[in-house]
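Quick notes on the structure that follows.
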Amino acid sequence: MNAKAQFKIALYFFSAIALLGLILRTVPVFPLDIKYSNFLHAHSHVAFLGWLHGAFISFVSYIFLKDRLQTKFFKFIYWFTILNIVGMYFSFPIQGYKFFSILFLSLFLIGTYLFDFYFFKHKTNTDKYPATYRFVRAGIWLQILSSISPWSLGPIIKILGKQSNFYKYDIFYYLHFQYNGWFLFALIGLTLYLLERRNITLPKSQVNRLYQLMLVAVFFGYFSNTLWAHPGLVFNVLSLIGASAEIAAFFVLLLILKRYHHYLQHIISDFSFKILLVVLLTFMFKAVLQFMGSFQYYADLSYGIRDFIIGYLHLIMLGIFTPFLLILAYELDFIKLKKSFFYIFYSGFLITETLIFIRAILNWFKVGVTSDLFNWLLFIFTFWMVIGIWSLTFFKNKQHG
């Protein structure tokens, strides 16, 4: 087992969830005899745990566990988690949130705890890549923090029921500390790794400021997920603090990268550099949306129109994390990346994302929406996006220039 193989397996999961996404987009135009919510659970769980978690873990293993990937215990941990993700992929569509899917999720969480223990016990290169390690370490602790949610979900359902506010608080807690915590901290750490791997010593004061702002952003930012319940003005203020901290963190990260952008342009390809800039701009757009969502009017709007939530989540998963992971995999020679395949995927993402937000805005202004037209367009361009994802995964990509 090596990190490159880990990433490729994560990429297979990406293709698998793309298929589920296409099925979900097929239902409105070609009604299928499936339970939509069950397939949605499979799509979201495997997207988070199979693709994003798996891909980030492959890079963390490559940098900090390079000499420990061949041990029997590491191989056991790795394949144990993979088997449970496969179990979720098939059990969720069949039965939804019931015994087997909950069992596989619970076993997966135990597998992540074993990995985290192994990581902290056997980590290396922490002195060589201090900024990278600082953010990755925080990300892993936030991942552990997020895992409180699945364990508490059963008791909440049993005691308070699925209609209680605490059930939704718990779901949003998990999502928030996964993508605004574990994944985002790992992304920032791995961005800094692009510089540190070339023996560039990053300014401690700016790295410290970035780290502190991101901690404020992730903990205070959670309160934006409670505003739909109108808990009170203090929650809006806390949310606003979190969103403001994330915007400030973006500019600090930008200052660090700007300081070394001449180095960065020489140590990664032109294609990767341009995609990294797009990722950063998307990150800024995401932070601005979160800032707006701290105001009650926009919080009510986003939770009242489902397309805003879908568009926001896809913006983060497909517009920030996925392009970053693909270019990092290319730069570390995990994959050969053909630009045409990437552009098929990314153009499909941009078009579907635009369609989702246009439909949401039309609903916002109460403009009549032709649902059939939007459903057909979303199906067509989702199919186009899936072609790109499957091409990146299964076709032999030639190295771009």
What ³J(HN,Hα) values, in whole Hz, does the Karplus curve 6.51 cos²θ - 1.76 cosθ + 1.60 give for segment 336-345 when θ = phi - 60°, with x put for Gly and Pro?
9, 10, 8, 4, 4, 5, 4, 5, 4, 4
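Quote the charge dipole size of the chain about the Cα centre in Debye, to the nearest 20; the model charges only the Cβ of Lys and Arg (+1) and of Asp and Glu (-1).
880 debye
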So what's the Cα pair-distance distribution over segment 296-381, bin width 10 Å, in %?
16, 39, 27, 14, 4
Among T201, L49, I327, whose Cα lies farthest out toward the positive end of the dipole of the chain, if unit charges sit on the beta carbon of Lys, Arg (+1) and Asp, Glu (-1)?
T201
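For segment 334-401, give the magnitude of the charge dipole about the Cα centre (Cβ charges: +1 Lys/Arg, -1 Asp/Glu; no others), in debye to the nearest 20.
Values: 7 positive and 2 negative charges, 79 e Å.
That gives a dipole near 380 debye.
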With the contact rule set at Cα under 8 Å and sequence spacing of 6 or more, what percent relative contact order holds for segment 334-401?
62 percent
If you keep only loop residues by DSSP, which trypsin sites (Lys or Arg not before Pro) in segment 181-210 have at most 15 other Cβ atoms within 10 Å of their Cβ?
R198
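Just rank Y297, Y89, fewest to most, by other beta-carbon atoms within 10 angstrom. Present the calculation step by step, with values, prior to reporting the outcome.
Numbers: Y297 9, Y89 22.
Least crowded to most crowded, the residues run Y297, Y89.
Need the full-extension length gain, T354 to S106, defined as separation in residues times 0.36 nm minus the C-alpha distance. One decimal, nm.
Details: separation 248, 0.36 × 248 = 89.28 nm, distance 3.61 nm.
Additional length available on full extension: 85.7 nm.
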Among L213, I82, I157, which residue has its Cα furthest toward the positive end of the charge dipole of the chain, with +1 on Lys/Arg Cβ and -1 on Asp/Glu Cβ?
I82
With equal scatterers on the alpha carbons only and no solvent term, can you work out the Debye log10 of I(q)/I(0) for the chain at 0.06, 0.07, 0.09, 0.14 1/Å?
-0.23, -0.31, -0.53, -1.45
Greater than 30 Å apart at Cα, pairs in K75/K168; K123/K204; K286/K338; K4/K274; K168/K286; K8/K123:
K75/K168
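Just want to confirm a number: the relative contact order over segment 100-179, from Cα pairs under 8 angstrom separated by 6+ residues, in percent.
Values: 35 pairs, mean separation 23.4, N = 80.
The normalised contact order for segment 100-179 reaches 29 percent.
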Along the charge dipole of the chain, pointing to its positive end and built from +1/-1 on Cβ of Lys, Arg, Asp and Glu, which listed residue (Y12, F92, F381) has its Cα farthest out?
Y12
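Would you please name the chymotrypsin sites (Phe, Trp or Tyr not before Pro) within segment 328-401 that are DSSP coil residues with at most 13 other C-beta atoms within 10 Å of their C-beta? Write down the numbers at each step before the final one.
Working: sites: Y330, F334, F341, F342, Y343, F345, Y346, F349, F357, W364, F365, F374, W376, F379, F381, F383, W384, W390, F394, F395; in loops: F334, F365, F395.
Sparse-neighbourhood loop chymotrypsin sites (Phe, Trp or Tyr not before Pro): F365, F395.
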Karplus-derived 3J(HN,Hα), 6.51/-1.76/1.60, for each residue of segment 215-223, Hz, glycine and proline x:
5, 4, 4, 6, 7, 6, x, 4, 5
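Suppose every Lys and Arg Cβ carries +1 and every Asp and Glu Cβ carries -1, with no other charges. What dipole size does segment 223-373 come out with about its Cα centre, to the nearest 20 debye?
Details: 10 positive and 8 negative charges, 47 e Å.
Charge dipole of segment 223-373: 220 debye, to the nearest 20.
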Isotropic mean projected area of the C-alpha convex hull, segment 334-401 (nm²)
5.4 nm²
To the nearest Å, what is the center-to-center distance of segment 153-181 and segment 15-60, using C-alpha atoms only?
20 Å
Report Rg (one decimal) and Dmax (nearest whole number) for segment 74-195, counting Cα atoms only, units Å.
16.4, 50
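No value in this document is a laboratory result; all are computed from the given coordinates. Just so it is clear, the structure is predicted and the values come from calculations on it, not from any experiment. Every residue, glycine among them, receives a Cβ derived from its backbone with ideal geometry; neighbour counts consider all protein chains shown.
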